[in-house]
1. Mind checking which lysines have their Cα closer than 17 Å to the Cα of residue 331? Skip sequence neighbours fewer than 8 apart in that chain.
2. Quick query: amide H of residue 57 versus all other amide H atoms, modeled in the peptide plane; which residues come in under 5 Å with a sequence gap of 5 or more or a different chain?
3. Find out how many positive minus negative residues lie around residue 242, taking Lys and Arg as positive, Asp and Glu as negative, among other residues whose Cβ is under 12 Å from that of residue 242.
4. Within a Cβ distance under 15 Å of residue 389, other residues only, what is the Lys/Arg minus Asp/Glu net charge?
5. Using Cα pairs closer than 8 Å and at least 6 residues apart in sequence, work out the relative contact order for the chain, in percent.
6. Short version: ³J(HN,Hα) in whole Hz for each residue of the stretch 277-284, in order, from phi by Karplus 6.51 cos²θ - 1.76 cosθ + 1.60 (θ = phi - 60°), x for Gly and Pro, what are they?
7. Taking θ = phi - 60°, what integer Hz values does the Karplus form 6.51 cos²θ - 1.76 cosθ + 1.60 yield along the stretch 400-406, in sequence order, with x for Gly and Pro?
8. Given the options 294, 24, 254, which has the most mean-square fluctuation in a GNM of the chain, springs set between C-alpha atoms less than 10 angstrom apart?
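Coordinate-derived values only; no laboratory data. These figures come from a predicted structure and were not determined experimentally. Here Cβ is always computed from backbone atoms with ideal geometry, including for glycine, and neighbour counts include all displayed protein chains.
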Amino acid sequence: MRRALTILTAALGIATLSSAAQAQTTVTFWTWYLSPKFDDYIKTTIAAFEKANPGIKVQWFDKQDSMVQDFLAAVNLGNAPDVINLNIDETQKAAQNGFLRAASDLSGRTYLTSTYYPQSITNFSYQGKTYGYPWYGWLNEGVLLYNPDLYQKAGLTRAPRSLTEMFTYARTVKDKTGAYGWVPAMKDPNTASFLGYFHAEGLPIYAADGKAAFNTAAHAALLQKFVDLYKGGYVPEDVVRREAFQIATELYAQNRLAMIIGGPQALTRLKDTNPGLYAKTVVTEAPLGKANVQTGGGMDLVVPAASKHPQEAAKLAAFFTNNANQLAFAKVVPIVPTTLGSRNAAQFKTTGNDPVARATALVGSSGRFINPGFRAPKNSDDLYKNFNDNIEAALRGKKTAQVALNDAVKYWNANMK
């Protein structure tokens, strides 16, 4: 009898374990360009989430060049991930196409407004609903990094304080040292980076009726200043083919560039490639345009409409993007957190001589400023390509600045969705 009870008890135990295993939900999580550099952080955070939610298992994949294409294919094939990491533009397009569940429906508006900056929520909202859980961001202006040796050779004694002075400094450094002064983002691949200059200078991207309006005489005059800089040889020729940030970090490490405007990320690369220059690099506030705003971008976590486990997915998205985990991520890499609690975080009040620490202190608590400056159209890939092609035509002298912008606006207003 006792043996029979023992066997029965064991059988019930096995059945209970089997039932628990069957009850466990597996959530598929896709990130964008985070592996292998941030494997430890992602895996540690996943482990903490699974410990706090024993009924949920996370299966992580990091996508890179093929992220958007893989996402669309997965949606069409009916095997979409449960949580996916997108940027502002891609979130907007996915929401417009009905591919996402609203975070404001899954977690509630109150949770979002009590956790994230208002502007960060706005960045990932469409037609009254918020579709993304704001994650990490960056500021285009961010901070200014400069090489004091090149400044001294050029006879410069302080950092520039406006876009006009940036043009002047770019010429002065090149004329007096042979090095470049600045690498502006004029035609970065897959974006319309030059639109940011219009926004920073207080020039509109759209008219009140929603149509493109970036072809006034003032817009053309600003573009012409960049054209003159390019034609004069004051910026690298391949700025029309490669991402400006990549060019800038390479040249700066070689003592062939005096200034970088952007986030602290440039310093993390410099620390490895040229530690001597890293140690002497001066970090200060970036010059702002006439509108006195910082532009920037950000990443979020979204739950696809096709997710088979939306509630569990929402828990994972909220966990990864909460204040504690964003601050932990900011200790690994100098991202700009998007949570309300990060504004007064002690880790962003540290100052000293270390360049990364100073840069992080300057921008780390500035997530409330992250704003792309303009709303991406539904078919932004097509429109951005046309815009960039016209910017390149102006830079290469194939069109005047005014004609290039007129052509871009005409195309946008005929094709914008």
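1. Those lysines meeting the cut-off are 37, 43, 271, 349.
2. 25, 26, 27
3. -3
4. Values: positive: 187, 241, 385, 396, 398, 399, 410; negative: 188, 381, 382, 392, 407.
Neighbour charge sum, excluding residue 389 itself: +2.
5. Values: 717 pairs, mean separation 103.1, N = 417.
Reported as a whole number, the value is 25 percent.
6. 3J(HN,Hα) across the stretch 277-284, in whole Hz: 5, 4, 5, 9, 4, 8, 10, 8.
7. Rounded to whole hertz, the list is 6, 4, 5, 5, 4, 6, 4.
8. 24
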